[in-house]
Amino acid sequence: SVFLVMTNPYAHIIEPLDPQKPDHKFFNLKKLKDPRYDQLPFSIRVLLESAVRNCDGFLVKKEDVEKVLNWKVTQSQTVEVPFRPARVILQDFTGVPAVVDFAAMRDAVKKLQGDPEKINPVCPADLVIDHSIQVDFNRKRVGSHNFNLWHSYDLVSHNFDILYIYKFKLRSFGAGVGGIEAEAVMLGQPISMVLPEVIGYKLQGTPNKYITSTDIVLTVTKHLRQVGVVGKFVEFFGPGVAQLSIADRATIANMCPEFGATAAFFPVDQISIHYLNKTSFDIDKVHFLKVNRSCLETYSCSPVSSITVCVCVCLQQGFKGFQVAPERHDVQVSFQFNGAEYSLSHGSVVIAAITSCTNTSNPSVMLGAGLLAQRAVKAGLSVKPYIKTSLSPGSGVVTYYLKESGVMDFLSQLGFEVVGYGCMTCIGNSGPLPESVVEAITQGDLVAAGVLSGNRNFEGRVHPNTRANYLASPPLVIAYAIAGTMRIDFEKEPLAVNSQGKEVFLRDIWPTREEIQAVERQFVIPAMFKEVYEKVEKVNERWNSLKAPSDKLYTWDPNSTYIKSPPFFDGLTRELQTPNSITDAYVLLNLGDSVTTDHISPAGNIARNSAAARYLTSRGLTPREFNSYGSRRGNDAVMARGTFANIRLFNKFINKQAPSTIYLPTEETMDVFDAAEKYQQAGHPLLILSGKEYGSGSSRDWAAKGPFLLGIKAVLAESYERIHRSNLVGMGIIPLEYLPGDSAESLGLTGRERYTVIIPPQITPRMTVDIKLDTGKTFQAKMRFDTDVELTYFHHGGILNYMIRKMSQN
């Protein structure tokens, strides 16, 4: 740090936060005395501060600072700047693979005669284990519901393995990037990003007293999807912002992958300061306000474009049809459960989950759910026992204030017992449904429904047997669970008829915002946060007692089915290999629009008839021990076999949803992995054809690593989700994009052709290349390497290869 200050040309603007505490310093950007600074959106000022603070004349240069200051001009010029996040935060779906990658990278650096200890985070990095719990329906009886939590880790064979390689001193990260790119950031590599356009989103008005925060969040998300903000920053401003709590704002920001923006930004205001005080954050308010005084002013900059929306949104209900033929709308299938007979139809709710990190850390909606549950129980309402209900808060504080306010018992009586803390149903860890329910769904080809308070509901993500999944506020999750169906108009139809024969409507039990806020003021207090968080690192004695060896290299256990040394770096040399054209590639899959990372690399259960199941069986495991793809993300053999293994994947080759494809040389239909293996054995490169928004959804490293291991050299799509495109680049896979107006349909591509992608000796960002088919047809596409840095990664065969070569140098 001392060296950086000595070489930083902006060291003269450093000043202490508090003259009485001269060791705490910051770069006062006002001292730049540049009139352009006051015209920058607040989110761009964050980039500017990072560039100024990290300016060393090497990784971040003075001209980079100038590019950011000149944002009003450069935003429309595809100008590239480096960004060095101060911290890295990894959830376990990206964090565990990162730790495994680091262990493998140490081996690779050692083989190249380098120092393996260079593979170690140089910035603070936190790994949060919140994706590794799933709801098990059959472990404990609570009221009339059977459920409990099932840790996705095998505590003996997995946790010890993981802790062993935690010797990398993982300690956090800011901007939304893929885990592959985050690994490079942890090793000191800046993110290369194109200066974005900033969209101002003005909020005004006052929410209706019956509207929840989740309703506002989902309305904003829908609106931004319609507007189109992919790759842009979105800043929220206007008088309506004051109506949103910090938890509300966090929920909106966490929906960034849903509406495609790079960042959703709320400038710091008095509500932010109040939240820090409320949660017992140790901070000097006066000096924090001094540093952030510009953020407390009225929004004064001029974004290129802005959007205005009222926060007084309304609920929308009604039967959506589920793409079911009208004559089949009323199909019903009877089944037995716990000795009683029930029936399912299209739209029947079989999963109701109050889940997800942001919604379930928001006191207003959680207490709202509790108050609704209290009134529902007192009104004599209940939830059918076959519906899989669960409550998985994002924080232990939630349990604390639900109990203190007296609503927890009522939640439990409706089946919403705390089953653990984590993402659970939102990430696809909903666990199994009762066999009789699954049989009824299958027998009637029913569109069964899941309703969850999460932020992701992509096809095939929540559960393979729920084809319709709805995002809703926690109180609405309970309401739909009581109703037992999504096919209800709450305005006109009762939730249910109680034991006295009385019709009970949603309006009879729905709490107002004022009622919820009164309970929140009384029971959500700073002492709760302090008490819960002080115990976080002390309460798990078993975890704390584990010992990690101090070896420089990890000793891979050949018997482990959870952790395996990945083959990413096999055969890696110090010398660069010149990229060659892709010659006579076969198309492995011919896909349509909106192929999500869940389609590409599912996180949920491992089907018994899948390639991954056959592998695990060969290792001596029984189906009960298969666990989920998410839990096996440290084992490339499982994850490669799980690539494109989502049962909701629609492949045009076979014209139906299935994790299968056609091996074109023999016209055999087989699992995607098996086909890819045959192509690789024959020495054939592979290609993926897709439509718009390829790779949308959650960031998932294995959605790029898996295709790499299948031998896929390029993807040809109409457009890409931002992070997934960078992950493809990070693994050395070429993201090809059709030229405007072109598509597989307009070009007459069937996918049965063989493709040759001509890669010239000199490559430039976003350059157009020729693609020749074995039919004689030639067309052009854009190579989506957006920056010179990405081209450098491509020449190295990916960002991790680049880092290994860099770290191997003396």
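The values are calculated or read from the model by the stated rules, or taken from the named source; none is laboratory data. Predicted model, so just to flag it, every value in this text is computed and none were measured. Note that each Cβ is placed from the backbone with ideal geometry, even for glycine, and that neighbours are counted across all protein chains shown. When the accessible area is computed, the model is the full protein with side chains, heavy atoms only, and any ligands, DNA or RNA have been set aside. Shrake-Rupley method; radii C 1.70, N 1.55, O 1.52, S 1.80 Å.
Annotations for the structure displayed:
- Cα centroid separation, the stretch 751-788 to the stretch 109-124 (Å): 36
- Rg/Rg_globular for the chain, with Rg_globular taken as 2.2 N^0.38 Å and Rg from C-alpha atoms: 0.96
- What the chain shows is 41 Å² of accessible area per residue, with the surface traced by a 1.4 Å probe over protein heavy atoms.
- Using a cutoff of 8 angstrom between alpha carbon atoms and counting only pairs six or more residues apart, the relative contact order for the stretch 375-475 works out to 23 percent.
- The trypsin sites (Lys or Arg not before Pro) of the stretch 464-500 that DSSP puts in a loop, and whose beta carbon has at most 14 other beta carbons within 10 Å, are Lys492.
- Entry note, the stretch 326-524: relative contact order of 29 percent, from Cα contacts under 8 Å with a spacing of 6+ residues.
- Ordering Ala340, Pro474, Phe653 by the projection of their Cα atoms onto the charge dipole of the chain, which places +1 on the Cβ of Lys and Arg and -1 on the Cβ of Asp and Glu, puts Pro474 at the extreme positive end.
- Rule-of-thumb Rg ratio for the stretch 326-524 [Cα; 2.2 N^0.38 Å; N residues]: 0.99
- The phi torsions of the stretch 13-25, fed into the Karplus equation with coefficients 6.51, -1.76 and 1.60 and a -60° offset, translate into couplings of 9, 6, 8, x, 4, 9, x, 7, 10, x, 6, 9, 10 Hz, rounded to whole numbers, with Gly and Pro shown as x.
- Extended-chain gain in nm, criterion 0.36 nm per residue less alpha-carbon gap, Val536 and Thr768: 78.3 nm
- Normalised by residue count, the stretch 468-610 yields a Cα convex hull volume of 389 Å³ per residue.
- Cα centroid separation - the stretch 442-507 against the stretch 580-635, whole Å: 30
- Inter-part distance where the stretch 1-76 and the stretch 341-410 are each reduced to a Cα centre, Å: 47
- Charge dipole of the chain about the Cα centre (unit charges at C-beta), most positive-ward option of Val504, Val52, Met670: Val52
- Remark: for residue pairs Lys378/Lys502; Lys552/Lys713; Lys67/Lys202; Lys232/Lys782; Lys705/Lys777; Lys21/Lys278, the C-alpha separation exceeds 22 Å in Lys552/Lys713; Lys67/Lys202; Lys705/Lys777; Lys21/Lys278.
- Other residues within the sphere of radius under 13 Å centred on the Cβ of Ala11, judged by their own Cβ, net out at +2 (K and R +1, D and E -1).
- Taking amide H positions as modeled 1.01 Å from N, with prolines and chain starts lacking one, the residues under 5 Å from Phe26 and 5 or more places away or on another chain are Glu15, Leu17.
- Under the convention that each Lys and Arg Cβ holds +1 and each Asp and Glu Cβ holds -1, the size of the dipole of the chain around its Cα centre is about 820 debye.
- Largest-first principal axis extents, alpha carbons of the stretch 591-704, Å: 37, 33, 25
- Within the shell defined by Cβ-Cβ distances under 15 Å, the residues around Pro665 carry a net charge of -4, with Lys and Arg each +1 and Asp and Glu each -1.
- Amide H contacts of Asn651 (H built 1.01 Å from N, under 5 Å, at least 5 apart or other chain): Lys656, Ala658
- Taking 19 Å as the straight-line reach from the Cα of Lys530, the aspartates and glutamates in range (excluding those fewer than 8 positions away in the same chain) are Asp282, Asp284, Glu404, Glu520.
- Segment Glu491..Leu621, full-extension length gain: 41.7 nm, with 0.36 nm per residue of separation and the alpha-carbon distance subtracted.
- In sequence order, calculated HN-Hα J values of the stretch 117-123 (Karplus, 6.51, -1.76, 1.60; Hz; x Gly/Pro): 6, 5, 7, 7, x, 9, 10
- Rg/Rh ratio calculated on Cα atoms of the stretch 11-82 (Kirkwood radius): 1.01
- Environment charge at Glu790 (Cβ cut-off 15 Å; Lys +1, Arg +1, Asp -1, Glu -1): 0
- Among 501-512, 794-805, the order from most to least packed when residues are scored by Cβ within 10 Å on average: 794-805, 501-512
- Carbon plus sulfur fraction of accessible area for the stretch 11-82, probe 1.4 Å, in percent: 52
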